[in-house]
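Colleague: Just passing along the structure, written as structure tokens.
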Amino acid sequence: MKKYHYIWPAVIALALAIGILIGGKLNFNDSPERLFSTNSKKDKLNRLIDYIDYEYVDEINTDSIVDVTVNNILDKLDPHSVYIPREELTQVSENMKGDFVGIGINFYMYRDTITVIRTVENGPSFLKGIEPGDRIMEANGDTLFGKNLPSRKIVSALKGESGSTVDLKVYRKKENRFFNVTLKRDRVPIKSVDAYYMLSPDMGYIKINRFAETTFKEFRNALRSLQRSGAKKLTLDLRDNPGGYLGIAEQMADEFLEQGKLILFTKNKKGKVEKMYATDAGSFEDKPVYVLINERSASASEIIAGALQDNDVGTIVGRRSFGKGLVQREMALGDGSAVRLTVSRYYTPTGRSIQRDYHNGSEDYYERFEDRYENGELVSADSIKVADSLKFTTPKGKVVYGGGGIIPDVFVPIGNMEEETIKSMESLGFISRFIFEHLEEDRGRYTSYSEDDFVRKFRVDDILFEKFVDFALASNITMDFYQYDERIKLYLKAALAEQLFSENLSAKIKGEVDLMLQKVMELDAPTWQPEKPAVKE
């Protein structure tokens, strides 16, 4: 969520420009005085860049100066108006579009070679029989192994136009042989739904990592699948979800709200208000829903949590969300770059703005967010600071607060330092990397397991655990590994499940020690008591 910060001696550059204006004879059609005329707002920066380009004593990359200038301007606005350089726009756009054109593999650079972790189901590599552990040695005759191989070379070799072909030379370690295969590049999905499965016979679970163009379609397909499996209740996991498209959040909220219910409204600088209401398209109305949020749930995640909370629908579980109540629009700058500019604020149905204060600048904005770790609000709900002036009331009389995020209905504290260290090792891919290297040494050990057998019978032994401890210590990670050996073993098993089978299976395994999921099941537990047998007189 942080944007790039640059240090640029703007005062010196401006002083140079003024010196040029006063003493230089420039070959421009317009007179220099116009730079500071009443019509100068749009001309000033252009002319300054031109002066530097044509007259400055040294060769200067004016493109980089423009990038720095744009970032400095946006930094004076708000923390969420950001500049996207040309070289990053394609990747950012692909992530929000929800797919890219490629060959459909997840891989690591392992000992200087592209090594497949797994293939995307029904993608080009999957359909041609590429397997986990395969090494991609060449693409169209170009070598793809060796030290310091530029990542852009890998990307350009594996990506391309849809329908184009690429000839690969592959080494399969377990068979000790090379083979050639021709793949036709195709659109490969970037999944928004990390996992979905049944938590109980009537409770479904869906984990969403962002709100991209394809997210609602993925969500709806997952929800329908769960309903066919008997789901009459749902846990929607929006933890660590930074947001995305506003319209996708509206569609998702509509699934839970009755027709005519207000989802949110926006207001721009001219005071224009636009209201978004639920339609009759919802497929999960009048059913119990639990929404999981934490301190890194932002933007579109907060829209859904706020819409349900303000309409007295479902239960919000977790910790206070990030607090982003601004709406951005992406605008092209004409050279392949773009800016995401804040164009309005959004408000929850009761009229709450949950945007945190940013008037002291971006650095203060993010430091204040990090203060949540210091002031105890991640451990105790009583430490959350609220202002009576930002108090609102839902139709059924529940008190909710604006300013600084969505406060959950049911609070679940963050884990202790060791528990959070283990989760961080998992979320940052450290455990996954260890498991990948373990599988490269001993992949055949797991070939006889089915998913069901793996869940029921496989146990991470002490030998693998000790290897992980050595791996972590070699990376300067220290903690009391042995006090938390069972939890670490469970995460190792989950990482194995993901690379051998699926993300769904991995999520199920990790769910066994998930405090928020445990709280949901506790809240959902039946309140009835068995009848006492009648007493005979």
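Colleague: Identify, please: which residue in segment 85-99 is within 17 Å of the chain's Cα centre (by Cα) and not in a helix (DSSP H, G or I) and is, among those, modelled with the highest pLDDT?
Modeller: Gly98
Colleague: Please find, among Leu144, Leu158, the residue that is farther than 30 Å from Arg340 by Cα, outside the structural domain of Leu341 (by TED's automatic domain parsing), crowded, with 18+ Cβ neighbours inside 10 Å and touching a residue at least 12 places away in the same chain (Cβ under 8 Å).
Modeller: The unique qualifying residue is Leu144.
Colleague: For the list (1) modelled with pLDDT under 85; (2) among the aliphatic types (A, V, I, L, M); (3) in contact with a Phe, Trp or Tyr (Cβ under 6 Å, 6 or more places away or on another chain), I need the number of the one condition that Ile114 fails.
Modeller: Result: Ile114 fails condition (1) only.
Colleague: Of the residues that sit in segment 251-282 and are at pLDDT below 95 and in contact with a helix residue (DSSP H, G or I) (Cβ under 7 Å, 6 or more places away or on another chain), which one is surrounded by the most Cβ atoms within 10 Å (Cβ to Cβ)?
Modeller: The residue in question is Gly282.
Colleague: Would you mind listing the strands (runs of 3 or more DSSP E) fully within segment 111-213 where at least 1 residues are in contact with a Lys or Arg (Cβ under 8 Å, 6 or more places away or on another chain)?
Modeller: In segment 111-213, 113-119, 135-139, 165-172, 177-184, 193-200, 203-208 are the strands (runs of 3 or more DSSP E) which contain 1 or more residues that are in contact with a Lys or Arg (Cβ under 8 Å, 6 or more places away or on another chain).
Colleague: How about segment 258-300: which of its residues are in contact with a Gly (Cβ under 6 Å, 6 or more places away or on another chain) and not in a strand (DSSP E or B)?
Modeller: Matches in segment 258-300: Asn294, Ala298, Ser299, Ala300.
Colleague: Identify, from the list Glu437, Glu426, the residue that is touching a strand residue (DSSP E or B) at 6+ places or on another chain (Cβ under 9 Å) and assigned by TED's automatic domain parsing to the domain that holds Phe481.
Modeller: Just one listed residue meets the conditions, Glu437.
Colleague: Can you tell me which residue among Tyr245, Tyr197 is aromatic (Phe, Trp, Tyr), within 25 Å of Thr350 (Cα to Cα) and surrounded by fewer than 22 Cβ atoms within 10 Å (Cβ to Cβ)?
Modeller: Unique residue meeting the criteria: Tyr245.
Colleague: For residues in segment 78-113 being hydrophobic (A, V, I, L, M, F, W, C) and farther than 30 Å from Ile435 by Cβ, which is surrounded by the fewest Cβ atoms within 10 Å (Cβ to Cβ)?
Modeller: It comes out as Leu89.
Colleague: On to the next question. Among the residues of segment 402-418, which ones are within 13 Å of Glu377 (Cβ to Cβ) and in a strand (DSSP E or B)?
Modeller: Once the filter is applied, which keeps residues that are within 13 Å of Glu377 (Cβ to Cβ) and in a strand (DSSP E or B), segment 402-418 yields only Phe411.
The values are calculated or read from the model by the stated rules, or taken from the named source; none is laboratory data. None of the values given here were measured: they were computed from a predicted structure. Every residue, glycine among them, receives a Cβ derived from its backbone with ideal geometry; neighbour counts consider all protein chains shown.
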